[in-house]
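Peer 1: Sharing a structure here in C-alpha cells format.
The values are calculated or read from the model by the stated rules, or taken from the named source; none is laboratory data. These numbers come from a predicted model, not from an experiment. Here Cβ is always computed from backbone atoms with ideal geometry, including for glycine, and neighbour counts include all displayed protein chains.
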Amino acid sequence: MLKVPFLDLRVTDERERAEILSGIERILMHGRVLLGPEVDEFEQKVAARVGRRYAVGCNSGPDALIIAMRALRIGPGDEVIVPALSFIATANAVSLVGATPVFADTDDNLNMSAESVERLVTPATKAIIPVHWTGHMCEMDSLIAVAQKFGLHVVEDASQAFDAAIGPRKAGSYGVIGCFSMNSMKVFSSLGAAGILVTDDAALRERCVTLRYHRLVNREYCTELAQNSRLDTVQAAVLLVRLERLEGVIDKRRQNAAYLNQRLQNHVCVPWEPEGQRHVYYTYTIQADRRDELAIFLASQNIETKIQHPLLLPQHPIYGGRARGEWTRAYCLIKRVLCLPSNEKLTDTQLERVADAVIEFAASRVAA
Ligand SMILES: Cc1ncc(COP(=O)(O)O)c(C=O)c1O
C-alpha cells in the first residue's frame, strides 16, 4: 500500500540540491565559516520579509527565545505567561533564564487565549509569549491590548509561522521581539538546527548580538551569562536558497489544506482561517471524536499522522504538580487533535488517499 509520509526531508529537487551545493561551495572558497556574509545576508532578508529593522541569526528557536528573555532582563522572580499547548521549548526557555512560566488556556484555534492571559497576570508578570500554533496566528490585537494594559513585553514564538500574516502584518512583527525556529521540519527549514529573532529596537539588537556569543562585549569582556548560539554559516546558505522557494512551498501547503478542508469539513473539525489571515500550515491539524481510533486506522492504511502534543506543557514531569495557570479547554482539545500529512511534496494521489481514509473512518463510525 502506497505510503503517505508525514514529512519527507530528502532534497529531491535537482535544482534545489544544486543551489544548496553551490551555496556551500562558496563558503568553502571564502572560508568565513563563523557568521560571515551568508549570515549577514540572511539576517537582512529575514528582517525585510518579516517587516522589521533587524534580525539576529542564532542556533535554534529556543535559543532565540532565551536570548530574547535575557535581552529583556527577564530572570529569577519574574513570571512569563506562555500557552499551555506548545512545544516544551517555549516554557523551558523561560525556566532556563530562571523565570517562572505560567500557563494560559487556549482558544478554539489552539492558540493562547487573551482572556486567560488577563486572568493570570500578577505583579511578577514581565512578559507573554504568544505561540502561533500550527502556522495560524494568534489573535494579536487582543493579546497586545492585554499586554499594554499591564505593561508587559510581548515576545512572539513564531517558530511554526514564518510568513504567516494577519492582513499585511507578518508573524514576528507584533512583539518587541519575534523568534523563529528553522529546524529541518519547519515550513521554512534549514538542514538541521537554526533560528532567528527580529526586532525594531537598535539597543535590543545590540544586546542580542552579544548574547548570542557568550555576551562578550568588545570581544573580550563577558558581562552576563550567555551561551554560544551563533547561526551556522552553512545553514544560512541553505536558508537563503530556501527563502527564494518559500512562496511556492507555502502556496502548495495552502492548496493542500484547501483541498482537505473541502473534502473533510463535514466529517471532522478542520482548521479555520479567518478572512484576511494567512495560515502557513506548518501542520494541518484536525479535531476529531475518537481521535486515537482514527490515528490507528490511518496507520493501518500506511498514512503517517502526528499528535501535537499528547501532553500539555504543565503536564510534563518537569512542571507537573507545581505549575500555575489554567488549561481546561486545552486539556479537552489535546484529546481531539490530529495532524494529517499535507506537506508540499505529497502527490495528488497521496492527498486524495488521506481524505478518502478519513472519510471512510468517519462513515464507518456513523454506520456502526
Ligand atoms: C512553537 C515552537 N517553539 C520552539 C520550537 C523549538 O525549535 P527548535 O527545533 O529550533 O529547537 C519549536 C520546534 O518545533 C516550536 O514548534
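Peer 1: Of all residues in the range 51-98, which are within 16 Å of the ligand (Cβ to nearest atom) and either in contact with a Lys or Arg (Cβ under 7 Å, 6 or more places away or on another chain) or not assigned by TED's automatic domain parsing to the domain that holds N109 (or both)?
Peer 2: Hits for the range 51-98 are V56, C58, N59, I67, V80, V97.
Peer 1: For C138, which of the numbered conditions (1) part of a strand (DSSP E or B); (2) within 16 Å of the ligand (Cβ to nearest atom) fails to hold?
Peer 2: C138 satisfies every listed condition except (1).
Peer 1: Still on this structure, please answer the following. Any residue in the range 183-198 that's under 16 Å from G172 (Cβ atoms): show its pairings with residues that are more than 10 Å from the ligand (Cβ to nearest atom) and among the β-branched types (V, I, T) at Cβ separation under 6 Å, as long as the two are six or more apart or on different chains.
Peer 2: Taking only residues 6 or more apart or on different chains, the pairs are V187/V280; I196/V46; L197/V56; L197/I177; V198/V50.
Peer 1: A further question follows. Just need a number here: residues in the range 317-338 that are surrounded by 19 or more Cβ atoms within 10 Å (Cβ to Cβ), touching a residue at least 60 places away in the same chain (Cβ under 8 Å) and among the hydrophobic types (A, V, I, L, M, F, W, C).
Peer 2: Adding up the residues that qualify gives 6.
Peer 1: Going by what's in this entry, would T285 be described as in contact (Cβ under 8 Å) with a residue 24 or more places away in the chain and touching a Pro at 6+ places or on another chain (Cβ under 8 Å)?
Peer 2: Criteria met by T285.
Peer 1: Filter the range 141-169 for residues that are within 16 Å of the ligand (Cβ to nearest atom), under 21 Å from K252 (Cα atoms) and either modelled with pLDDT under 95 or not hydrophobic (A, V, I, L, M, F, W, C) (or both) and give the result.
Peer 2: Step one: of the range 141-169, the residues within 16 Å of the ligand (Cβ to nearest atom) are 143, 154-164.
Now narrow it down to the ones that are under 21 Å from K252 (Cα atoms): 158-164.
Across the range 141-169, the qualifying residues are S159, Q160, D163.
Peer 1: Moving on to the next point. List every residue pair whose Cβ atoms lie under 7 Å apart, where the two residues are 6 or more positions apart in sequence or sit on different chains, the first residue falls within the range 204-225 and is over 18 Å from H153 (Cβ atoms), and the second residue, located anywhere, is part of a helix (DSSP H, G or I).
Peer 2: Qualifying pairs under 7 Å: R212/I67; L216/T210; V217/T210.
Peer 1: May I pose another question? Of everything in the range 170-195, what is closer than 14 Å to D63 by Cβ and near the ligand (Cβ under 10 Å from one of its atoms)? Give them in sequence order.
Peer 2: C179, F180, S181, M182, N183, S190, G192, A193, A194, G195
Okay, residues lined up against (1) closer than 30 Å to R70 by Cα; (2) within 16 Å of the ligand (Cβ to nearest atom); (3) in a helix (DSSP H, G or I); (4) in contact with a Phe, Trp or Tyr (Cβ under 9 Å, 6 or more places away or on another chain):
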position	(1), (2), (3), (4)
V238	yes, yes, yes, no
L243	yes, no, yes, yes
A258	no, no, yes, no
H267	no, no, no, yes
I286	no, no, no, no
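Peer 1: For the range 44-128, list the helices (runs of 4 or more DSSP H) that sit wholly inside it and hold at least 1 residues that are free of Cβ contacts under 8 Å to residues at least 60 places away in the same chain; which are they?
Peer 2: Output list reads 88-96, 114-120.
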